[in-house]
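Derivation of every value follows stated rules applied to the coordinates shown; laboratory data play no part. Quick caveat: nothing in here was measured; it's all calculated off a predicted structure. Using ideal geometry, Cβ is built from the backbone for each residue, glycine included, and neighbour counts are taken over all protein chains shown.
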Amino acid sequence: MKNVIVVIFSDEGKTYEVLSTMKNWSGSTKVLSGCVIKNTGEGIVVKDGFDFENDASGWASGGLIGSLIGLISGPLGMLLGGSIGALIGLASDDNKVVESEKVINQVISKLDNYKLALILVVEEPNINEINNFFDANDCAVFYRHSFSQVEQEVKEAEKLQKELAREARKKLQ
């Protein structure tokens, strides 16, 4: 099963150690792509990443991670993170924003200032292999969902972000 996994770290060294292990993973789980992002206290930045998918759908994994990062670090991410909470009033349905952004909201709520997140796209015949690895490395998997579910949530979030931008432009005029 193709899944998206997000792991939050406080220790930058440990994050890169795990990223390196994932780049060279040789288990039955196939690690397709990964990215490290960091909350700098002033925003989310991409620190490092890789994409091993070479087939026709390879762009989708990279695109999904890129879109997810864009949403986390963009205006919608700021709304959900409370950085610009005053803009919530621009949304026609405040609950819709929070309810519809499960993945993004989970990452934002766990990615406090100066913490890092490792986002992975993996093909897992069995979730125990990756779970055991993270357990042995004192890492907590905060999020694991099917790739298709995350892809759908990202599409919905992008649509909502466009709607919010349109509404904000109208109110500013």
How many of the residues making up segment 139-165 are surrounded by fewer than 17 Cβ atoms within 10 Å (Cβ to Cβ), within 25 Å of Asn39 (Cα to Cα) and either over 20 Å from the mean Cα position of the chain (by Cα) or polar (S, T, N, Q) (or both)? 4
Could you check how many residues of segment 104-140 are under 16 Å from Glu153 (Cβ atoms) and touching a helix residue (DSSP H, G or I) at 6+ places or on another chain (Cβ under 7 Å)? 6
Pairs where the first residue, in segment 1-15, is within 14 Å of His145 (Cβ to Cβ) and the second is assigned to a strand (DSSP E or B) and of a type in the set (D, E, K, R), C-beta under 7 Å, 6+ apart: Lys2/Glu123; Asn3/Arg144; Ile5/Arg144
So which residues in segment 14-55 are small (Gly, Ala, Ser) and over 19 Å from Asp135 (Cβ atoms)? Ser33, Gly41, Gly43, Gly49
Subset of segment 15-46, residues assigned to a strand (DSSP E or B) and surrounded by 17 or more Cβ atoms within 10 Å (Cβ to Cβ), comes to Val31, Leu32, Ser33, Gly34, Cys35, Val36, Ile37, Lys38, Asn39, Ile44
